[in-house]
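The next block holds one structure in the form of structure tokens; read it before the comments.
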Amino acid sequence: MKTSGLIFIYLSLIGLAVCASADERPKQSSAAIPPIIHARIIQLEDERNLNGDELTGLLKHRTPEVRERAALAIGRIGDKRGAPALIDAFDVEKDLESRVAVAFALGEIGDLAAVPILLKAFTIDREVAAPLLRARGCEALGKILSARLDPQLDQRENTVVRTEGISDVIARQLPAPESRLADDEKLLAGLAITALMRLRSAFSVEPLARQLKSNDAELRALAANALARLRQPIGAAVPALIDALNDGGADVRANAARALGVSKDSRAVEPLLKALHDESEHAQVNAARALAAIGDRRAVEPLIELAKLSDPKTTLQRRHPISFNLLLECVVALGTLKDERALQLLGELSRTFAPTAIQEVEVAIAKFGVLKTLPPSFRGGKSWVGRECSNWKNAVIAAQVVGAQAQTGDDGAGEKARALLGLVIQRLNLPKCDPRGWPEVVRAMSKTGNHWPALLLRKLESGDVIVRSAVATFLAEDHKEEFLTPLISALKRGKSDSVNDAKLAILTALSKYKSEKAIEAIKSALDDQDHLVRRRAIDLLKQIGAGDFSDRVGTVQTGHNKLFYRRVAARLNKKVTATIYTGKGQIKIELFPQDAPITVDSFITLARKGFFNNLTFHRVVPNFVIQGGDPRGDGEGGPGYQIRCEINTRPYTRGAIGMALSGKDTGGSQFFITHSPQPHLDGGYTVFGQVTSGMAAVDRIARGDSIRKVEIFESR
């Protein structure tokens, strides 16, 4: 439908105020779906396989639970060939839950053709639809249009999308701030706020700012979060955000601080300085980040004083210590502000933690451009080289230090950084050096402007897949002719790689050339056994105008048989819990096999094998997530296989367990736990569990803390 038609629909929605009745049914368990059918749906979903009309045909099944589950599977598969059947189903479906599932699925597929039908989610038989249906309609529109904001793209698809008009439709779903809401009305308000965030329209600032005055603290927090992520000027909301720093809800205060940092408004500096001493560490963390983003040097002394209230195990002991995580946030902020008053503190911290090098401390010092050589932690001894150069983590930090030094913009900084990077490379080239230091060194080359092409081409032959991936990504920046043949050779050599990181990066690099030779090399990947590699090749060939090979995508070779899927389906109505044992305490989790059966099965299998034992939480971002489960320890590892995403309607609340990804369908063993609600992750990452006790331990976890073991408890 063209623009004029969409505008007609917008106008038809204005002023509607009567609630519609759809055929509602009580929420039932997956037991209503015959086990054989459920197992088959899970299999087709796992294979990313519509299998002709087998799956879409289930949208007409007599059992509404089957129709609902089939719609979810079609959405997860993401094949646009399934969109017409979903659109037809939305028009004829009478069961509310099934219609809601269709709306959710259309959002996952992301086809613009679904926009007109989704606008009908707001009115059924000329009456305002049920809040639950409108909620998922808002969510779906936000997802589809967030990826379609390029006007040229919309013109190519012969559709002009008026984001402002749809933003208005969604904004009209928001309640008056003084409203008392039922659960489904609150869900509608929350998903409407998140949809406005995704649409990134300047129109959204005013309705979001109004929600900062909502009676509901969760909605106030969502509104502040949306303003922080809107990517539009939010100056009009600054007074309300400053008021929100005094809100009774900790999440509201924390999100308001973040949004004020995005605003870069100097009016926020004094209120944010007070927020550095908020009773919630989440608010303190975001206040420190916001002050750094604004760049006002009035923050330097308060940040120094807060940093001095650090862990009592250090020489900076004080009566009321702050956490290690908050200390590092102060350090990062001071490095960003780059005021010489901070150098004494940063130097003291570097000496305090030696011989261990702390990334944030050393990078902050490097940003001042004062380094003439590498810090003591890097220059010698077992902490850096040793006979086998095993401390790859210090090599990573050294490369980050060099990159920070190169980007200071000071006279001679680049030359000094290149000299320091040469020293790091010299150390890493020692015999038996752990290769995990190389990817960060390659990234530092880009920042210093010293490329060492001969070295890069040698590393393109590395036995480490992640090293090859980093090199290919770097070579894609220059795409010099001399790199083309080595990249093609590397693609051929890596054909049997068990993980696809290098192949994906090499294909992307080859697409920069657009020559016949490069195109033929990309086409060779259409026969790769890896579904993601084939899909990347298809996307790249289409982007460079080399043809549409969508029919070559095929299905995923999962390696599973029917008995596997029946076993997985048999767990759907069982209660499954896990306990993660850490040095900071136990974290107890309820797992969700109904919502993410393959993900839960993989997690259970790995845990029972002892896979997670003694791995670390390698990534900790305060007031965001802790992440673990990587056997490499550098954020690049996995179990040797990948699982498909199982996006569901579970929200990323505080304590949600999600599957870490490097792109769609790239899950493995890395999981994360959220510190606070993260609605921008909804619909993008699989939620497969929820912390039921132990959030205090989650909050205490710092980078490098270990997972001692994971135990699984499953009802019979």
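Residue-wise HN-Hα couplings along the stretch 221-227, as the Karplus relation 6.51 cos²θ - 1.76 cosθ + 1.60 with θ = phi - 60° gives them from phi, are 5, 4, 5, 5, 4, 5, 4 Hz; Gly and Pro carry x. Over the stretch 231-374, Cα pairs under 8 Å with separation of 6+ residues give a relative contact order of 17 percent.
If a/c stays under 1.5 just call it rounded; otherwise compare a/b with b/c (prolate if a/b is bigger, oblate if not). Do that for the stretch 37-134, with a ≥ b ≥ c from the square roots of the Cα gyration tensor eigenvalues. Prolate. Taking 7 Å steps out from each Cα toward its Cβ at Glu481 and Glu301 produces label points 6.2 nm apart.
To the nearest whole percent, what portion of all C-alpha pairs in the stretch 435-564 is separated by more than 23 angstrom? Counting every Cα pair in the stretch 435-564, those more than 23 Å apart make up 33 percent.
Using C-alpha pairs under 8 Å with a sequence gap of at least 6, the mean separation divided by the residue count of the chain gives a relative contact order of 8 percent.
Highest-first packing order for the peptide set 282-288, 498-504 is 282-288, 498-504, based on the mean count of other beta carbon atoms within 10 Å. Under the criterion of Cα pairs below 8 Å and six or more residues apart, the relative contact order for the stretch 562-714 equals 35 percent. In this structure, the amide hydrogen of Thr616, modeled 1.01 Å from its nitrogen in the peptide plane, lies closer than 5 angstrom to those of Gly629, Asp630, Ile707, counting only residues at least 5 positions away or on a different chain. Listed by chain and number, the aspartates and glutamates whose alpha-carbon sits under 13 Å from that of Lys492, ignoring those within fewer than 8 places in the same chain, are Glu461, Glu520, Asp527, Asp528.
To the nearest ten degrees, helix 250-263 and the longest principal axis of the Cα atoms of the chain are 70 degrees apart. Return the tail of the calculated pair distribution for the stretch 552-660, meaning the percent of Cα-Cα pairs more than 23 Å apart. Pairs farther apart than 23 Å: 34 percent. Only helical runs count toward this figure. For the chain, summing -39,500 (n - 2.57) over DSSP H runs of n ≥ 4 and dividing by all residues gives -15000 deg cm²/dmol at 222 nm.
3J(HN,Hα) couplings calculated from phi for the stretch 611-627 with the Karplus curve 6.51 cos²θ - 1.76 cosθ + 1.60 (θ = phi - 60°) are, in sequence order, 4, 7, 4, 6, 6, 10, 7, 7, 9, 9, 10, x, 6, 9, 8, 10, 9 Hz; Gly and Pro show x.
Residues whose amide H comes within less than 5 Å of that of Glu646, counting only those at least five positions distant or on another chain, are Thr686 (H built at 1.01 Å from N in the peptide plane).
No value in this document is a laboratory result; all are computed from the given coordinates. Computed from a predicted model, the values in this text were never measured in an experiment. Every residue, glycine among them, receives a Cβ derived from its backbone with ideal geometry; neighbour counts consider all protein chains shown.
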